[in-house]
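Since the structure comes first, as structure tokens, the remarks are kept for the end.
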């Protein structure tokens, strides 16, 4: 790419209007990704976004899937928007902010009184002293350069650096988003107590994501704490991370808002279920039957199983449970309620003694890996620092001593009133000192 073409591309990317347009489109896409459920099944979108009537008259499940609105943050067009916006920020930084900083670092003395008339604030002080002006400015935090009859002072250079820091922070945040979209993944697992699992049920994964298979997780125990009213207070999972040889390398108990992290992967407590029921029939060993969640049409969560009470399976009972507090409801094949049974208790049904040993819970885990998160955190920390830096005023003051007159003038890029008050106070102090010196003389 030759120099003229490169400059035109740089000017186009650095155009503020383009940056605002890109930011607006990214914001709209992000809102869509927040409002529209991400990563759901095809049947979910067909049910919630039918073709007739389509949402807003056009947004059906076919349009939604065609545009990738079911996984907005991983679509090529969304990542392209992030890249373009990042390129716009970089172009603006090097074409506008860096030159502005370089210009601010350059300075020169004012050598003619007429130069002070171009400043927003200037005055003359009869019998004023350039040395006293330098002292007063130094006391206010200015850095001062001075010759015999000329002075230049400035402070707040960090305010010129602030916009560059803000741009750098936004670029870091964009890089974090791109890295997470390309290499991150999310999985969901529903594991009974005592079981060990590898990551298998991947819900979302970037094209460069690497799913770890050299370690596994064992659910040592899952349990739920209930309130006195019988409602769920909190549910817990005691997890162990095992290496390829099955040795424990990390262990922790997780609950909602308290995950376990290992190898860049975070395991969250997300859900629970009843996996199985363990029982005895007469004097048999402990037996186990799986339990399945029943369709209650949104009227609560119930799990059930069928237990044969005769070897030929000609008779049996239905066992229903609603939680892990240890109570099971028993129903006849005709749906008649027979009795309830708690953990450790026994009852006789159809000539068989049934003893309830325990209800086995399953922990629902959401497992995420997002390598871009450190860049996000660094970017937001840098953004806050850059915003604070940007509020610092960059102020400049010039002075010129000519015969019995001291010319003083200055300008600032923000907080104009405060700067004027500061410079007026200095001028009054110098005028007062000159009058005092004249009277003494």
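Over the chain, the ratio between the Cα radius of gyration and 2.2 N^0.38 Å evaluates to 1.63. Computed from Cα atoms, the angle from the helix 158-183 axis to the main principal axis of the chain rounds to 20 degrees. Calculated [222 nm] ellipticity per residue, helices only, for the chain: -11000 deg cm²/dmol; basis is -39500 (n - 2.57) per DSSP H run with n ≥ 4, divided by all residues, nearest 500. What the Kirkwood sum gives for the range 54-119 is a hydrodynamic radius of 16.8 Å, with every pair of different alpha carbons counted. Counted residue by residue at 0.36 nm each, then reduced by the alpha carbon distance between them, the extension gain from residue 111 to residue 243 reaches 40.0 nm.
I'd like the FRET efficiency for residue 322 and residue 233, computed as 1/(1 + (r/R0)^6) with the beta carbon distance as r and R0 of 22 Å, rounded to 0.05. It comes out at approximately 0.90. Comparing Cα centroids, the range 84-122 and the range 54-76 end up 46 angstrom apart. Relative contact order of the range 276-359: 27 percent, from C-alpha pairs under 8 Å at least 6 residues apart in sequence. Note on residue 62 and residue 138: the extension gain reaches 20.5 nm, defined as 0.36 nm multiplied by sequence separation minus the Cα-Cα distance. With q set to 0.25, 0.26 Å⁻¹, the log10 of I(q)/I(0) for the range 291-353, from the Debye formula over equal scatterers at the Cα positions, is -1.19, -1.24. When the alpha carbon gyration tensor of the range 3-71 is reduced to an equivalent ellipsoid, its three semi-axes come out at 36, 11, 11 angstrom, largest first.
To the nearest ten degrees, helix 416-440 and the longest principal axis of the Cα atoms of the chain are 30 degrees apart. Annotation for residue 336 and residue 202: the two label points, set 7 Å from Cα along the Cα-Cβ direction, are 5.4 nm apart. Against the longest alpha carbon principal axis of the chain, how many degrees, from 0 to 90 and to the nearest 10, is the axis of helix 373-390 turned? Long axis of 373-390 versus the principal axis of the chain: about 30 degrees. Give me the distance between the Cα centres of the range 128-165 and the range 204-242, rounded to whole Å. So the two Cα centres are separated by 60 Å. Look at 49, 331, 391 and count the other Cβ atoms within 10 Å of each Cβ; fewest to most, that gives 391, 331, 49. Listed by Cβ neighbour count within 10 Å, with the fewest neighbours leading, 165, 144 appear as 144, 165. The distance separating the Cα centre of the range 1-33 from that of the range 326-388 comes to 48 Å. If you plug the beta carbon distance of residue 255 and residue 313 into 1/(1 + (r/R0)^6) with R0 = 45 Å, you get a FRET efficiency near 0.65. Note on 70, 148: ascending count of other Cβ atoms within 10 Å places them as 148, 70, the fewest first.
Do you know the relative contact order of the range 281-323, to the nearest whole percent, from alpha carbon pairs under 8 angstrom that are 6+ apart? So the answer I get is 28 percent.
Approximating the spin labels as points 7 Å out from Cα along Cα→Cβ, the residue 95-to-residue 393 distance works out to 3.2 nm.
Stretching the chain fully between residue 288 and residue 44 yields a gain of 84.5 nm (0.36 nm per residue, less the alpha carbon separation). Where a ≥ b ≥ c are the square roots of the eigenvalues of the C-alpha gyration tensor, would you call the range 173-260 rounded, which needs a/c under 1.5, or, failing that, prolate if a/b is larger than b/c, or oblate? Note, shape of the range 173-260 comes out oblate. Inter-label distance, residue 414 to residue 77: 3.7 nm, where each label sits 7 Å from its Cα along the C-beta direction. Springs join every pair of Cα atoms under 10 Å in this Gaussian network model of the chain, and among 128, 252, 344 the largest mean-square fluctuation is at 344. Normalised by residue count, the range 220-278 yields a Cα convex hull volume of 113 Å³ per residue.
No lab work stands behind these numbers, since they all come straight from the coordinates. Just so we're clear, the structure is a prediction, and the values are computed from it rather than from any experiment. Using ideal geometry, Cβ is built from the backbone for each residue, glycine included, and neighbour counts are taken over all protein chains shown.
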